[in-house]
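The block underneath contains the structure these notes are about, expressed in structure tokens.
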Amino acid sequence: MQVIRFGIDLAKNVFQVHGVDASGRVVVQRQLRRAQVAKFFAAQPPALIGM
């Protein structure tokens, strides 16, 4: 299940990340701290990101 789209809710400290696959199923739901965001997305395959 490869994520093709990410949605990210931006905030001061904690970011909500939601990822869906090609069929629209939720495959990622995470809460990330500001310091974790860049590392998380660097490890993901290329995908569309909506903010």
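Values quoted throughout were computed directly from the atomic coordinates according to the rules given, and no laboratory measurement underlies them. Note that this is a predicted model, so its numbers are computed, not measured. Positions of Cβ are generated from backbone atoms using ideal geometry, with glycine treated the same way; all protein chains shown enter the neighbour counts.
Once percent of Cα pairs over 18 Å apart is worked out from the coordinates, which option in (i) 59; (ii) 63; (iii) 22 does it equal? Here percent of Cα pairs over 18 Å apart agrees with entry (iii).
Extension gain, Gln29 to Met51: 0.36 nm times the residue separation minus the Cα-Cα distance gives 6.4 nm.
Every helix of 4 or more DSSP H residues in the chain counts as -39500 (n - 2.57), and over all residues that averages to -5000 deg cm²/dmol at 222 nm.
Taking the DSSP bridge list for the stretch 5-50 and keeping only pairs wholly inside it, about 80 percent are antiparallel. Which residues make up the longest stretch of the chain that has no trypsin sites (Lys or Arg not before Pro) in a DSSP loop with at most 13 other Cβ atoms within 10 Å? Of all site-free stretches, the longest is 26-51.
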